[in-house]
Amino acid sequence: MSMTMTVRLDDGVKDRLDHLAKATHRTKSFLAAEAIRVFVENNEWQIAEIQAALREADAGDYASDQDVAKLAKKWKARED
């Protein structure tokens, strides 16, 4: 199922979308829907990762200062 919605775009963005639609032989609606889908997926993933990290932190499941220092020393670039 799909739905229709109205989106207001700045003139510059609308012009760029027009050009992109022509160049890709896609409709503006297709490109807008695809952009929204990607945006939603990325933000859902980011929110889920933040929530998981907060749960881990609340449970005390995080690296100690010594662990972080050891890792930083391991990855520090050599200065020649």
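Considering every residue within the stretch 34-51, establish whether at least one is within 23 Å of the chain's Cα centre (by Cα), at pLDDT below 95 and not charged (D, E, K, R).
Scanning the stretch 34-51, I find no residue that is within 23 Å of the chain's Cα centre (by Cα), at pLDDT below 95 and not charged (D, E, K, R), so the answer is no.
Out of curiosity, is ASP61 of a type in the set (Asp, Glu) and assigned to a helix (DSSP H, G or I)?
On the way: of a type in the set (Asp, Glu): yes; assigned to a helix (DSSP H, G or I): no.
Here the answer is no, as ASP61 does not meet what is asked.
Does LYS22 satisfy the criteria of being under 30 Å from MET1 (Cβ atoms), assigned to a helix (DSSP H, G or I) and open to solvent by 100 Å² or more (accessible area, probe 1.4 Å)?
yes
Would you please name the residue that is farthest from THR6 (Cα to Cα), looking only at residues in the stretch 25-51 that are open to solvent by 100 Å² or more (accessible area, probe 1.4 Å) and of a type in the set (Phe, Trp, Tyr)?
Taking the candidates together, the pick is TRP45.
Would you point out which residue out of LEU71, LEU54 is open to solvent by 90 Å² or more (accessible area, probe 1.4 Å), of a type in the set (A, V, I, L, M) and under 21 Å from the mean Cα position of the chain (by Cα)?
LEU54
The values are calculated or read from the model by the stated rules, or taken from the named source; none is laboratory data. These figures come from a predicted structure and were not determined experimentally. Methodologically, a virtual Cβ is constructed for each residue, glycine included, from the backbone with ideal geometry; neighbour enumeration extends over all protein chains shown. Protein only, heavy atoms only, side chains kept; ligands, DNA and RNA dropped before computing areas. Shrake-Rupley method; radii C 1.70, N 1.55, O 1.52, S 1.80 Å.
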